[in-house]
Amino acid sequence: METFKVKAFGAESSKADLKEMQIDRRTITPKDIEIEILYCGVCHSDLHTVRNDWGGTLYPAVPGHEIVGKVVRVGEQVTKLKVGDLAAVGCLVDSCRECESCKQDLEQYCLNGFIGTYNGNDKHLHKQTFGGYSEKVVVDEHFVLKVPKNLDLAAAAPLLCAGITTWSPLRHWKVGKGSKVAVVGLGGLGHMAIKLAKGLGAEVTLFSRSPSKIQDAKDLGADDVVISTDSEHMKSVKGKFDLIIDTVPYVHDVNPYVSTLSINGTLVLVGYLGDLTPMLNSVPMIMERKSVAGSVIGGIAETQELLDFCGEHNIVSEIEIIKMQDINKAYERMLKSDVRYRFVIDMASLKN
Ligand code: NAP
Ligand code: ZN
Ligand code: ZN
């Protein structure tokens with residue numbers, strides 16, 4: 001298959017800083033869209049992947065799955081977008097498209113494994129996929145999204161992961177007016193969860209370790225903030241929430257949050273992947289019919305639904321724009337929870 005070279009930023013190993021490199025993109029096939037990337041959000045998953053926190057990272061690793069840009073070339077069978085249109089790509093660039101999940105627009109749960117925008121298994125080039133920390137990306141039109149024109153483009157980028165990852169559980173668990181929702185952790189995902197739950201009409205509480213974020217959370221729309229390290233404060237919301245979205249990236253005790261669920265309430269883990277320590281206590285699950293669940297990103301149709309909802313309600317992310325060359329410093333700040341609330345890379349900096 002024919003390819004062309006583009007500039008990118010990636011890491012050669014789990015210990016290495018990200019640096020400029022050249023990667024191959026495939027020349028468009030009839031169903032492909034070639035996108036010039038204008039902005040790319042920085043997700044905590046990018047950092048987990050580069051540092052091999054989950055194992056299985058293929059190097060060089062070029063992360064980035066909150067991609068927005070402009071269509072520069074389309075294959076002859078493409079109908080979704082045309083040259084010059086705005087386009088977006090999230091966490092998925094392919095799936096089998098035939099299994100029961102794919103048929104139900106749940107490509108993120110493809111029974112044959114979805115193909116991630118980075119560190120996926122590229123069907124065309126037979127090596128790892130490379131993400132949005134690059135000049136261009138080539139993606140099958142099915143996996144390309146339309147961006148509402150009224151949204152600030154840079155601030156819309158994080159909708160492609162932080163947005164859809166929190167939107168999908170809000171929709172699955174049917175959050176709306178009258179729902180009581182809590183969000184654990186005020187970072188990229190957490191701040192989008194607050195905005196989206198408010199947009200759906202819910203009453204929203206933030207659980208945070210950081211008293212310095214109380215005012216920000218309220219400015220973002222939270223009705224209440226509970227400091228999770230204060231056990232008395234935690235007791236004051238016992239039995240309250242219908243849905244809790246837990247975005248914390250590292251292992252933590254989930255039991256104190258379960259006790260703040262109402263009967264039939266559900267805590268959805270979207271942050272931490274792995275064994276829970278301490279273990280979950282089954283008593284509240286049995287005696288109060290509570291659930292602890294998980295959720296991964298969202299399908300393509302649901303991501304478009306989210307983008308359209310954000311267009312109608314004028315919802316975008318709170319961002320700090322950085323240059324591509326500052327990505328290593330940005331990762332260090334993200335590790336200290338020092339992001340308000342999403343870094344977005346201005347890809348023009350890669351052209352310099
Ligand atoms: P982030 O911007 O770094 O935010 C995480 C927040 O969690 C922090 O701001 C902090 O909030 C809290 N936190 C951090 N470390 C903590 C600790 N040790 N104990 C308790 N709280 C802690 O990260 P993000 O980009 O939102 O991503 C969050 C997680 O979701 C990552 O693990 C990422 O890989 C994962 N993710 C999952 C999906 C999915 O599909 N399921 C999609 C995207 C990302 P406070 O200061 O308010 O406590
Ligand atoms: Zn992500
Ligand atoms: Zn499938």
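Points worth noting:
- Residues satisfying the stated conditions in region 249-268, i.e. open to solvent by less than 30 Å² (accessible area, probe 1.4 Å) and aliphatic (A, V, I, L, M): 254, 258, 261, 267, 268
- Verdict on residue 320 being open to solvent by 50 Å² or more (accessible area, probe 1.4 Å) and assigned to a strand (DSSP E or B): yes
- On the stretch given as region 1-53, residues that are in a strand (DSSP E or B) and of a type in the set (Gly, Ala, Ser) total 4.
- No other residue among 70, 80 is in a strand (DSSP E or B) and of a type in the set (Lys, Arg) apart from 70.
- Those residues of region 70-90 which are in contact (Cβ under 8 Å) with a residue 40 or more places away in the chain and open to solvent by 10 Å² or more (accessible area, probe 1.4 Å), in sequence order: 72, 73, 74, 76, 77, 78, 79, 80, 81, 85, 86
- Scanning region 229-248 for residues that are open to solvent by 40 Å² or more (accessible area, probe 1.4 Å) and closer than 21 Å to residue 212 by Cβ yields 229, 230, 231, 232, 233, 236.
- Among all positions in region 38-45, there is at least one residue which is at negative phi and surrounded by fewer than 20 Cβ atoms within 10 Å (Cβ to Cβ).
- Scanning region 169-191 for residues that are open to solvent by 10 Å² or more (accessible area, probe 1.4 Å), more than 7 Å from ligand 1 (Cβ to nearest atom) and assigned to a helix (DSSP H, G or I) yields a count of 2.
- Scan of region 46-64 for residues that are more than 13 Å from residue 17 (Cβ to Cβ), open to solvent by less than 20 Å² (accessible area, probe 1.4 Å) and aliphatic (A, V, I, L, M), ordered by number: 62
- Test for residue 146: is it among the basic types (Lys, Arg), surrounded by 21 or more Cβ atoms within 10 Å (Cβ to Cβ), away from ligand 1 (no atom under 16 Å from the Cβ) and touching a residue at least 60 places away in the same chain (Cβ under 8 Å): no
- Of all residues in region 102-117 being buried (at least 19 other Cβ atoms within 10 Å of the Cβ) and not hydroxyl-bearing (Ser, Thr, Tyr), the one that is nearest to ligand 1 (Cβ to nearest atom): 108
- Among the residues of region 102-131, the ones that are among the hydrophobic types (A, V, I, L, M, F, W, C), part of a loop (DSSP other than H, G, I, E, B) and more than 16 Å from ligand 2 (Cβ to nearest atom) come to 4 in all.
- Close pairs from region 334-352: first assigned to a helix (DSSP H, G or I), partner among the aromatic types (Phe, Trp, Tyr) and open to solvent by 10 Å² or more (accessible area, probe 1.4 Å), Cβ under 8 Å, at least 6 apart: 347/39; 350/9
- Note on region 253-309: among residues that are touching a Ser or Thr at 6+ places or on another chain (Cβ under 9 Å) and of a type in the set (D, E, K, R), the one that is nearest to residue 153 (Cα to Cα) is 302.
- Total residues in region 91-101, condition under 10 Å from residue 299 (Cα atoms) and either open to solvent by less than 10 Å² (accessible area, probe 1.4 Å) or within 16 Å of ligand 2 (Cβ to nearest atom) (or both): 2
- Selection status of residue 24, of a type in the set (D, E, K, R), open to solvent by less than 70 Å² (accessible area, probe 1.4 Å) and over 20 Å from residue 148 (Cβ atoms): yes
- Matching residues, region 152-168, being in a loop (DSSP other than H, G, I, E, B) and either within 14 Å of ligand 2 (Cβ to nearest atom) or open to solvent by less than 10 Å² (accessible area, probe 1.4 Å) (or both): 161
- Whichever residue in region 283-306 is assigned to a loop (DSSP other than H, G, I, E, B) and away from ligand 1 (no atom under 16 Å from the Cβ) and, among such residues, is surrounded by the fewest Cβ atoms within 10 Å (Cβ to Cβ): 289
The values are calculated or read from the model by the stated rules, or taken from the named source; none is laboratory data. None of the values given here were measured: they were computed from a predicted structure. With ideal geometry, Cβ positions are generated from the backbone for all residues, glycine too; neighbour counts draw on all protein chains shown. These accessible areas exclude ligands, DNA and RNA; they are computed on the full protein's heavy atoms, side chains included. Shrake-Rupley method; radii C 1.70, N 1.55, O 1.52, S 1.80 Å.
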